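Step one of this worksheet: look at the structure below.
Laboratory data are not the source of any read-out in this text; all were calculated from the coordinates shown. Computed from a predicted structure; not experimentally measured. Quick reminder, even Gly has a Cβ in these numbers, built from the backbone with ideal geometry, and neighbours come from all protein chains shown.
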Amino acid sequence: MSDSQWPLWEVFTQGDHGEPFEHAGSVHAADAEQAMQNARDVYARRGEAINLWVVPSTAIVASAPSDAGPFFDPGNDKAYRHPQFYKVPKGVKVF
Amino acid sequence: MTPNPALDAGEDPRVAAFEARIAAGESIEPKDWMPERYRKQLIRMMSQHAHSEVVGMLPEGNWITRAPSLRRKMSLIAKVQDEGGHGLYIYCGTETLGVDRQELVEQLLNGTAKYSSIFNYPTLSWADMGVIGWLVDGAAIVNQTILAKTSYGPYARAMIRICKEENFHKRQGYEIVATLAKGTPAQKAMVQDAVNRWWWPSLMMFGPSDTDSPNSGELLRWKVKRKTNDELRQRFVNLTIPQVQAVGLTVPDPDLRYDAATENWLFGPIDWAEFNEVIRGNGPCNKERLAARREAHEAGQWVREAATAYAAKHERRSTEAA
């Protein structure tokens, strides 16, 4: 049997309770169970994670940098979505 | 191969846009457009770096069974495991540039890939474990701290992760050195001998002098490198000499002197002929390192096959059950 390359899995780690999962890197593994073990050995040797996600890299759908301008445009021109847009009477503590 | 940036820029307007992003301090991500030279240079540099981490396990692995105490043995095992992990971080970063892991591993095993010249020197005594952690990992930290600001995002992120772990490597090494340096005359002689052997190869780790570094200009312009080889080497010497003095050791350089005007520790000429010989494959341990790497790869074949068969069996069962 020749040497074949196992599928690639993306690894996400949660550093502590209540924190979001962050992309840490990737590992190669034959299946999900091994991906989980490899991810632990590579990305959590010093208590860096309390939870792990492993996702087949092929399952990730990513935005295209070349279309980033028009794609994110709807969120860029709406100043009224920010609190600073609104005037409040001087001296009043709103928050 | 001399790159011609003017020609590139003339050919493709995307080059100018790319260079403007670099100049503005933006980081480049895998799906961003990049010049083919940038991609190639990064694959070359990152894969050499990953190979160095993996081959770097061998000189230290040599001493695991002979560590003088359980404490030292645990530290050394953890350090060697880290080096394997560092190789994996960087291989994974390299793959984002569109190259297969397997291809990189094959290049290492068939001897066409380069790796750091330092790992082709033998580890002759226990003191070498201290001196490697202190000087070799110390030099790597100087290099990698700057690489953590490199323009390619995945490489920079791998470096940040690595830098955090290297500090443990350096401190455990310096602890071994300091312990031996204040030990018996024989222990002190052993650690001085190790410094004498590793000092110059450690300075060579930063690569050829700026006047003779074929890739530096382009890499600096694209902010892959942020400092030149000579700048990093000088920084390492300035950081290290006070540490040498603090434990009462010396470095094998009769020309070493402090220059108050530049605040630099000036050092003597490096033997580049030796460096080139080691790079060409004629160092003391080049053949031994590759043979050990190949043996490890071949001896692990059955594990890879078993994992693949196990995954296939479970896949089959879950399909049958469905």
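Brief remarks on what is shown
- With the simple model of a label 7 Å out from the Cα in the direction of the Cβ, A:ASP41 to B:CYS163 spans 2.8 nm.
- GNM result for chain B, Cα springs below 10 Å: residue of B:THR150, B:THR211, B:THR228 fluctuating most strongly: B:THR211
- Listed residues B:ASN229, B:ASN286, B:ASN264, most fluctuating in chain B (Gaussian network, C-alpha, under 10 Å): B:ASN264
- Other protein chain Cβ atoms within 10 Å, averaged over every residue that makes up A:29-41: 3
- A Gaussian network model of chain B, with springs between Cα atoms under 10 Å, assigns the largest mean-square fluctuation among B:ALA16, B:ALA189, B:ALA140 to B:ALA16.
- Peptide A:8-15 - average C-beta neighbours from other chains (10 Å radius): 1
- Straight-distance crosslink candidates among aspartates and glutamates, where the alpha carbon sits under 17 Å from A:LYS90 and sequence neighbours closer than 8 are dropped: none
- Note on segment B:1-147: dipole from Cβ charges, positive end direction compared against B:TRP63, B:MET34, B:SER116; the farthest Cα belongs to B:TRP63.
- Peptides B:45-57, B:176-188, B:271-283 ordered by average Cβ neighbours within 10 Å, highest first: B:45-57, B:176-188, B:271-283
- Counting, for every residue in B:77-86, the Cβ atoms of other protein chains within 10 Å of its Cβ and taking the mean gives 1.
- For the peptides B:124-130, B:242-248, the ranking by mean Cβ contacts within 10 Å, running from highest to lowest, is B:124-130, B:242-248.
- Sequence-distant contacts, meaning Cα pairs under 8 Å at least 6 residues apart, place the relative contact order of segment A:1-61 at 41 percent.
- Extension reserve of the B:LYS287-B:GLU29 stretch, reckoned as 0.36 nm per residue once the Cα distance is removed: 89.2 nm
- Of B:ALA178, B:TRP222, B:ALA139, farthest towards positive along the dipole that unit charges on Lys, Arg, Asp, Glu beta carbons give chain B: B:ALA178
- For segment B:42-175, with +1 on Lys and Arg beta carbons and -1 on Asp and Glu, the positive-most of B:GLY87, B:ALA127, B:VAL54 along the dipole: B:ALA127
- Peptides B:93-104, A:40-51 ordered by average Cβ neighbours within 10 Å, highest first: B:93-104, A:40-51
- About the Cα centre, charge dipole magnitude for chain A (Lys/Arg +1, Asp/Glu -1 at Cβ), debye: 860 debye
- Among the listed pairs B:LYS31/B:LYS313; B:LYS31/B:LYS149; B:LYS149/B:LYS182; B:LYS73/B:LYS182, those with a Cα-Cα distance over 31 Å are B:LYS31/B:LYS313; B:LYS149/B:LYS182.
- Computed about its Cα centre, the charge dipole of the protein assembly as shown is approximately 1160 debye, with only Lys, Arg, Asp and Glu carrying charge at their Cβ.
- Listed values for segment B:163-168 are Karplus-derived 3J(HN,Hα) couplings in whole Hz (6.51 cos²θ - 1.76 cosθ + 1.60, θ = phi - 60°), namely 4, 4, 7, 5, 4, 4, and x replaces Gly and Pro.
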